[in-house]
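Read through the structure below, which is laid out as structure tokens, and then see the notes.
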Amino acid sequence: MSDIIDINQLRNKVTEKDVNEFREFIFRLYDKLAEGKLFVGEITEQMDQYAEIKGITEEKLCNLREELIKELTEEVGFNFKEIEKQIEETDLNLDFEELEEQLKFYDTNIKNISIKGVFKYRINNQFNDILIIFEGDKGYILTQRKPDFNDKDLKNIIQDYKQNHNKNEIEVIVLKEIERHKL
């Protein structure tokens with residue numbers, strides 16, 4: 001009778017069913033990502049919501065990730081130990097201090113940062129010298145002078161974007177460069 005049951009160990013134990021459900025969830029996320037309905041920066045947020053809905057602890061979520069990675073790497077024949085060995089042999093230098101500084105920046109400013117996928121297109125012809133950035137139902141034109149909306153290239157890229165993103169219309173915002181500063 002000296003066996004003590006650790007409730008946390010039971011709560012964080014990963015079953016095959018858990019891994020299969022998590023796999024399906026992850027694949028659905030990647031489908032949304034491929035369709036453009038989800039951005040890379042939103043994946044972690046979605047996983048946190050999944051864990052909350054399913055009542056999964058942070059430790060169990062980590063265990064699920066590890067188990068899924070293990071299964072997927074075995075399926076495709078990946079060998080992480082061999083990859084680690086090859087990296088060590090190539091003397092790959094990663095600047096961990098720089099990475100740490102970048103992570104600190106994101107951690108400090110996370111509430112004010114949103115990572116979104118945008119589509120950028122450069123037009124430099126006899127009519128326009130512009131950069132157009134599409135995001136959702138908006139197009140931002142960066143230019144030093146007034147854009148020529150009769151330009152065939154500009155009309156085509158806007159039309160192609162609308163068709164590929166199922167938009168009837170988009171709002172185009174022109175941003176003229178007034179001053180330039182290096183800070």
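Within the stretch 28-52, track down each residue that is farther than 27 Å from residue 103 by Cα and loosely packed, with under 10 Cβ neighbours inside 10 Å.
So the first thing to find is which residues in the stretch 28-52 are farther than 27 Å from residue 103 by Cα, and the list is 28, 31, 35.
Scanning the stretch 28-52 gives a single hit, 35.
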Enumeration of residues in the stretch 146-168 that are part of a loop (DSSP other than H, G, I, E, B) and either modelled with pLDDT of 90 or more or among the polar types (S, T, N, Q) (or both): 146, 147, 148, 149, 150, 151, 166, 168
Single condition residue 114 does not satisfy, out of (1) more than 21 Å from residue 33 (Cβ to Cβ); (2) exposed (fewer than 12 other Cβ atoms within 10 Å of the Cβ): (1)
Cross-chain or 6+ apart pairs with Cβ under 8 Å, the stretch 161-172 first and under 15 Å from residue 133 (Cα atoms), then among the polar types (S, T, N, Q) and exposed (fewer than 11 other Cβ atoms within 10 Å of the Cβ): 162/168
Close pairs from the stretch 25-39: first part of a helix (DSSP H, G or I), partner among the polar types (S, T, N, Q), Cβ under 9 Å, at least 6 apart: 25/46; 29/46; 32/46
Set 134, 119: member being surrounded by 14 or more Cβ atoms within 10 Å (Cβ to Cβ) and modelled with pLDDT under 85: 119
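The values are calculated or read from the model by the stated rules, or taken from the named source; none is laboratory data. None of these values were measured; they are calculated from a predicted model. Please note: Cβ atoms are built from the backbone with ideal geometry, for glycine as well, and neighbour counts cover all protein chains shown.
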